[in-house]
Amino acid sequence: PTDLLKLYIYGYLNKMRSSRDLEKACKRNIEVMWLLKSLHPDHNTISNFRRDNPKAIKKVFRATVQIAKHFDLIGGKLIAGDSTKMRAQNSKKNNFNPKKIDRHIAYIDNKLEQYSKELAIADYDIKIQIQQEISKHHTRKENYKKLEKQLKESGQTQVSTSDPESRQMITRNNITEVAYNIQTTVDAKHCLLIDYKVTNTNDSKAMGNMLQRCKTILRSNEFTALYDKGYHTGSEFKIADDLAIDVMVAIPDVAAQAPDPAYNVDQFQYNKQDDYYLCPQGNKLTTSGTWHKAKTYHFKRYTTKDCIHCPVKDQCTKAKYGKGVQRSEYQEYVNRNKVRIENNRGYYRQRQAIVEHPYGTIKRQWGFSYILTKKYIKRAEADVGLMLIAYNFRRIINIIGKQTLKEYLRVLVYSILLAIHQIRANIGRFSASLYSGKINRCFSEHLVN
């Protein structure tokens, strides 16, 4: 395992990820020959090591964070979180949703109808060819029916056949790819990664979990976290508040714009004590107190009868019976985030410079823009983990220098070997005392007998 781990870290640091490329390097790259003491592992052995050890690879990443902490490279006061999409080993053609399956089945049904008409007037030789085509289309239709059944039973919105846990996602400018979504947390002091998680979902529910993990890693909640507007979700703000962590999340544009922006919902003032909204015209919007259920949260609705006869109604809303304002159960947490953003505009602008630094290195400079492993998130995590280990190592070396890191690792290895030697010596003494006690008991029993 030690040799294979060294091989992988060397490979990722030098833009080599393929197990076959690493196998070749073992036989013709002098640096790798020295590193592995002329061992020549087979590409299957190399590939299986990455596939079978995602948890151990995660621990190696944690070790790079510990090294950075030792050299005081982790500030722990300001962090930035974001995600990046990496293409999976699954083409768009092999990704299906209910609409796509229905289109394919409709196409097959149409073709089968055509073949039935042709079969009635065809010669014997042509009939055989048509029957073969009919049989082939029936098989395809059966496969689509199985996929349709799988979607209904699982409750999922899509299914991928090559890499089952990958999902079609928007990457940029409405361009979609079948991909994984990698959540990362970066410390501001030296742009070092402190955590990562591979997912197949979007960002809306990711912030709370990443903050909990970050609090455990840093052993503190006295830091500020910066996120972009994709993470702007009320329930996640509540989690951050429960953890006593200050977050600054970019505020998205208002979803329901009024004909005149002066009458957008954010221009309505809320009176917390008496639970009503005051519109720009001075009218009170009240609620019945009923909590309505949306997809992921509950809300109260505020309206007023004054809306119908209001002189600026056409500027405020297009609704027939007047404007209705929805107040989420998490609105207080959303408002606090808005205040933090408005009071720290310059502070928030650092987010992109912090969190995009690793992506620029990994995706642009090294060319690691896709997941190399196939089938399941755990294997994708191993590939991503090795990328981020290589990034942290390269960054640490660039900051403190090779010699300082080599000396630290030499002392660390010596300390570990010394500890192992001490444990073995203690076990040896303990075994010897047990053996001696057993002989004494046997001799005493023999005398008595």
Per residue accessible area of region 349-424, 1.4 Å probe, in Å²
59
I'd like the Karplus ³J(HN,Hα) series for region 415-422: coefficients 6.51, -1.76, 1.60, θ = phi - 60°, whole numbers in Hz, and an x wherever there's a Gly or Pro.
5, 5, 4, 5, 5, 4, 4, 5
Principal axis lengths of region 129-187 from Cα atoms, whole Å, largest first?
64, 26, 18
Cα principal axis extents for region 39-188, largest first, Å:
83, 44, 29
With the cut-off at 1.5 for a/c, could you classify the chain from its C-alpha gyration tensor as rounded, prolate or oblate?
oblate
Under 12 Å between alpha carbons, and skipping anything fewer than 8 positions from K55 in its own chain: which aspartates and glutamates qualify?
E381, D383
Measure of compaction for region 168-231 (Cα Rg per 2.2 N^0.38 Å)
1.24
Taking the radius of gyration and the Kirkwood hydrodynamic radius from Cα positions alone, what is the Rg/Rh ratio for region 125-255, to two decimal places?
1.22
Estimate the FRET efficiency between N264 and S154 by the formula 1/(1 + (r/R0)^6), using the beta-carbon distance for r and 51 Å for R0, to the nearest 0.05.
0.80
Just how many % of Cα pairs in region 1-110 lie over 23 Å apart, if you round to the nearest whole percent?
55
Report the gain in length on full extension from R336 to A353: 0.36 nm times residue separation, minus Cα-Cα distance, nm rounded to one decimal.
3.7 nm
Filter on K85/K375; K85/K406; K293/K378; K229/K363; K24/K374; K197/K300 - keep pairs with C-alpha separation over 25 Å
K85/K406; K293/K378; K197/K300
Accessible area of region 107-165 belonging to carbon and sulfur atoms, whole % at 1.4 Å probe
47
Fraction of antiparallel bridges per DSSP, region 120-253 only, in percent to nearest 5:
75
Loop by DSSP (not H, G, I, E, B), at most 13 other beta-carbon atoms within 10 Å: where is the longest site-free stretch of the chain for chymotrypsin sites (Phe, Trp or Tyr not before Pro)?
1-290
Which of the three applies to region 239-292, rounded, prolate or oblate, going by the alpha-carbon gyration tensor with a ≥ b ≥ c and a/c under 1.5 meaning rounded?
oblate
For region 1-123, with every protein chain kept in place, what is the accessible area per residue (1.4 Å probe, Å²)?
57
So what's the angle, to the nearest 10 degrees on a 0 to 90 scale, between helix 331-343 and the longest Cα principal axis of the chain?
80
Please go through region 189-292 and write out the trypsin sites (Lys or Arg not before Pro) that DSSP classes as loop and that have at most 13 other C-beta atoms within 10 Å.
R219, K272
Sparse-neighbourhood loop hits (GluC sites (Glu not before Pro), region 139-177; DSSP loop; Cβ within 10 Å at most 14 others) -> none
Output for region 70-121: trypsin sites (Lys or Arg not before Pro) sitting in coil per DSSP, at most 13 other Cβ within 10 Å, listed by number, reads K77
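The values are calculated or read from the model by the stated rules, or taken from the named source; none is laboratory data. The model shown is predicted, which means the values in this text are computed figures rather than measured ones. Neighbour counts are summed over all protein chains in view; Cβ atoms, including those assigned to glycine, are modelled from backbone coordinates with ideal geometry. Note: accessible area is taken over every heavy atom of the protein model, side chains too, but ligands, DNA and RNA are not part of it. Shrake-Rupley method; radii C 1.70, N 1.55, O 1.52, S 1.80 Å.
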